[in-house]
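What follows draws every value from the coordinates through simple rules; no lab data is involved. Nothing here was measured: the structure is a model prediction, and the numbers come from that model. Every residue, glycine among them, receives a Cβ derived from its backbone with ideal geometry; neighbour counts consider all protein chains shown.
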Amino acid sequence: MRILPTIYLGGASYYGALVHDDCEIEQWETFEKQTFRNRCLIRDPKGEVIRLSVPVGKAEHKQLTKDIRITYQSHWQHQHWTAIESAYRNTPYFDYYADYLRVHYERQYTWLMDLNEELNATILQLLHNVGRANDTFRTARTTDWRQQTWTDKHPWQSEISILNQLFERGPETILWL
């Protein structure tokens, strides 16, 4: 069994491990600042990397990750959703998945672990559902996704959030993990 840290909208390699390996998310680790536990990277259509960070309360020395609180002094949820929407709204599968993810930006979570856990559960559910032959996607897809994405223009980076793959590749995402 692999033990993985909690990650906010992790990259394809993180979700590949969650999908294909026997993994468990570590809850009893010490919170490390400046990590992907509360940060993610997304890419806009121009190829610019956008860093998103969930603001957390001041972590005490050796504080457990499960005890990290999210702060709401800024409007980070609105800012994150606006950045995600502007980066991916023109991708082929944004309209299919946006509502599943938007709900996490309309709800206030107390704990970082809860936010990450629920986002992970939603993304894993979407990955498993889109990995199957699905008539809804087959009939709804009227254009070739390769014509609409910017992956060929900008090299793939494993640290970029799974959202990049999910919104660009839709049902084929799980095949890339």
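Observations, loosely collected:
- Extent along the principal axes, Cα only, for the stretch 1-54: 39, 26, 11 Å, with the longest axis given first.
- Among 77-83, 116-122, the order from most to least packed when residues are scored by Cβ within 10 Å on average: 116-122, 77-83
- Projected label points at LEU124 and THR110, each 7 Å from Cα along the beta carbon direction, are separated by 2.3 nanometres.
- The stretch 29-124: trypsin sites (Lys or Arg not before Pro) in DSSP loop, at most 16 other beta carbons within 10 Å: LYS33, LYS46, LYS58, LYS62, ARG89, ARG107
- Protection proxy ranking, highest mean first, for peptides 162-170, 21-29: 162-170, 21-29, where packing is the per-residue count of other beta-carbon atoms within 10 Å, averaged.
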